[in-house]
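The values are calculated or read from the model by the stated rules, or taken from the named source; none is laboratory data. Note that the structure is predicted; figures quoted are calculated from it, not measured. Cβ coordinates were reconstructed from backbone atoms using ideal geometry, including for glycine residues, and neighbour counts include every protein chain displayed. Protein only, heavy atoms only, side chains kept; ligands, DNA and RNA dropped before computing areas. Shrake-Rupley method; radii C 1.70, N 1.55, O 1.52, S 1.80 Å.
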Amino acid sequence: MQTTARIPDDFGYGEEQALLRREARKLLESSCKTEDVRRWMETPAGFDEGLWARAAEAGWLGLVVPAAYGGSEMSMTSLAVLMEEMGRVLSPLPFVGTLFATLVLREAAGEAEKARWLPRIAEGKVRGAVGLEERRGGYHFGHVEATARREGERILLSGEKELVVDAPSAELLLVTATEPEGPSLFALPAASPGVTVSPDKLVDATRRSGAVRFENVAVSDADRIGEKGAAVSILGRVMPRIWTALAAEMVGGADRLLGMTTEYAKIRQQFGRPIGAFQAVKFPLVDLLAKIELSRSLVYRAAAAIDHAPAQAEKLARMAKAHASDTYAFAAAKSVQLHGGIGFTWECDVQLYFKRAQWSRAAFGDAAHHRKRIAEMVIDG
């Protein structure tokens with residue numbers, strides 16, 4: 001008898017995830033302190049190679065890589081746990097771009113491409129990035145003006161992708177380009193002749209992205225990920241994981257802001273009392289706590305849907321991304337406000353989270369974009 005896949009009633013995490021959280025927090029709090037992040041911000045790379053190596057040793061880079069290619073192939077729930085911990089410390093590692101590339105390869109690449117790239121990704125020897133957004137495309141990854149033109153046995157790629165997350169440090173680029181059958185995905189080494197990566201200057205200096213330009217870059221049919229014209233279908237299956245992962249990272253950042261601001265409210269004195277004694281401070285913190293808990297629930301329900309009920313994954317992942325975007329923005333604004341004048345200064349760590357919140361809410365679709373799509377899904381049934 002055929003049954004409909006459903007999300008488990010208990011969609012939280014178990015002992016495996018609890019262990020992952022403990023170990024991730026231990027490593028990140030000892031090796032990714034705020035003073036470290038501030039120092040790395042001033043470097044061209046923006047992160048520490050030693051921390052990247054430790055992340056590989058801990059198995060984080062192979063967390064979604066199939067076991068056949070050297071990974072641990074853990075659940076989406078485990079990935080959400082790890083992303084939440086990374087968000088707590090403003091991790092500058094180029095993890096999101098590599099994760100995105102890994103998921104695309106795992107979803108649609110042929111065996112040869114998987115064997116070529118996935119083991120090296122799991123070992124931390126290759127970093128990846130995926131270029132989707134174009135100047136006039138916005139968040140709609142089906143809008144592709146980059147072209148893939150056949151010339152004999154070669155395919156020549158030409159076009160430009162904007163705001164490609166983690167592109168400046170990537171060795172592997174996955175880009176969309178249009179063939180007669182529609183948009184396709186191609187894998188190419190970042191060092192390929194004709195490829196130029198120009199780093200962006202972001203409001204969030206703890207994160208890197210870049211514009212990727214490619215002019216008559218030669219690839220072959222073997223470098224195509226999936227079938228001709230299948231990019232939109234492939235990305236439609238992968239994007240819920242990216243939205244959920246980023247939402248989890250935002251929950252971690254918002255939770256850290258809540259902790260920082262609560263501690264500050266206990267020690268900051270005004271009129272002879274801690275400012276935390278006043279309702280004007282207490283109530284926003286309670287509101288923030290409620291928003292964080294709801295966002296966290298949406299994240300882990302979306303993760304459970306990805307693992308157990310894929311038909312529900314897109315809607316729930318969009319809900320998680322939209323709500324977490326608003327929660328992180330609210331947390332950042334209230335934290336700056338409740339810290340008073342010091343909250344606006346460079347020395348205060350709150351402003352770093354404020355800037356990360358601005359980047360995160362816009363990345364891979366802002367809240368308005370996702371709510372519009374959810375409304376279309378609900379209305380259309």
Problem set entry | For residue 19, solvent-accessible area (1.4 Å; no DNA, RNA or ligand), Å² | 80
Problem set entry | Positive minus negative residues near residue 221 (Lys, Arg vs Asp, Glu; Cβ under 12 Å) | -1
Exercise. Along the charge dipole of the chain, Cβ charges K/R +1 and D/E -1, which of 351, 240, 230 sits furthest on the positive end?
Worked result: 351
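So how do 215-224, 87-96 stack up, highest first, on mean other-Cβ count within 10 Å? All intermediate terms of the calculation are to be shown ahead of the outcome.
Values: 215-224: 16.0, 87-96: 24.1.
By packing density, highest mean first, the sequence is 87-96, 215-224.
If each residue of separation counts as 0.36 nm, what is the full-extension length gain between residue 5 and residue 218 once their alpha-carbon separation is subtracted? Don't skip to the answer; put the middle values down first.
Working: separation 213, 0.36 × 213 = 76.68 nm, distance 4.30 nm.
Full extension from residue 5 to residue 218 adds 72.4 nm.
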Problem set entry | DSSP-assigned coil residues among GluC sites (Glu not before Pro) in the stretch 277-381, each with at most 11 further Cβ atoms within 10 Å | 347
Seminar exercise, completed: Excluding residues fewer than 8 positions from residue 334 in its own chain, the lysines with Cα under 17 Å of it are 266, 282, 291, 355
Exercise. If one computes the Cα centroid of the stretch 246-307 and of the stretch 310-362, what distance in Å separates the two points?
Worked result: 11
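What percentage of the solvent-accessible surface of the stretch 129-227, computed with a 1.4 Å probe over protein heavy atoms, is contributed by carbon and sulfur atoms?
Details: 2230 of 4330 Å².
Taking all protein chains in place, the stretch 129-227 shows 51 percent carbon and sulfur surface.
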Exercise. Using unit Cβ charges (K, R positive; D, E negative) and no other charged atoms, how large, in debye to the nearest 20, is the dipole of the stretch 51-130 about its Cα centre?
Worked result: 220
Problem set entry | Anchor residue 114: aspartates and glutamates whose Cα lies under 18 Å away (excluding residues fewer than 8 positions away in-chain) | 73, 123, 171, 221, 223, 227
Problem set entry | Area accessible to solvent at residue 291, 1.4 Å probe radius, in Å² | 80
For this session: Would you be so kind as to identify which of 94, 184, 163 lies farthest towards the positive end of the dipole of the stretch 91-229, taking Lys and Arg as +1 and Asp and Glu as -1 on Cβ and the Cα centre as origin?
Result: 94
Seminar exercise, completed: Rounded to the nearest Å, the spacing of the alpha-carbon centers of the stretch 23-59 and the stretch 106-136 is 22
Exercise. Computed FRET efficiency, Cβ-Cβ of residue 347 and residue 200, R0 30 Å: what is it to the nearest 0.05?
Worked result: 0.75
Problem set entry | FRET efficiency, residue 26 to residue 290 (Cβ-Cβ, R0 30 Å, nearest 0.05) | 0.55
For this session: Would you be so kind as to identify which of 105, 115, 143 lies farthest towards the positive end of the dipole of the chain, taking Lys and Arg as +1 and Asp and Glu as -1 on Cβ and the Cα centre as origin?
Result: 143
For this session: Sort the stretch 15-125 into rounded, prolate or oblate with this rule: let a ≥ b ≥ c be the square roots of the eigenvalues of the Cα gyration tensor; rounded if a/c is under 1.5, and if a/c is not under 1.5, prolate when a/b is larger than b/c, oblate otherwise.
Result: oblate
Seminar exercise, completed: Interchain or sequence-distant (5+) residues whose placed amide H lies within less than 5 Å of the amide H of residue 178 are 146, 147, 148, 184
Exercise. Mind listing the phi-derived Karplus ³J(HN,Hα) values for the stretch 170-176, rounded to whole Hz, using 6.51, -1.76 and 1.60 with θ = phi - 60°, and x for any glycine or proline?
Worked result: 7, 9, 10, 10, 10, 9, 9
Seminar exercise, completed: One computes Rg over Rh for the chain from alpha-carbon atoms, with the Kirkwood Rh, and obtains 0.98
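Send over a whole-number figure in Å² for the accessible area per residue of the stretch 129-227, probe 1.4 Å. The partial results should precede the final answer.
On the way: 4330 Å² over 99 residues.
Spelled out: the 1.4 Å probe surface of the stretch 129-227, per residue, equals 44 Å².
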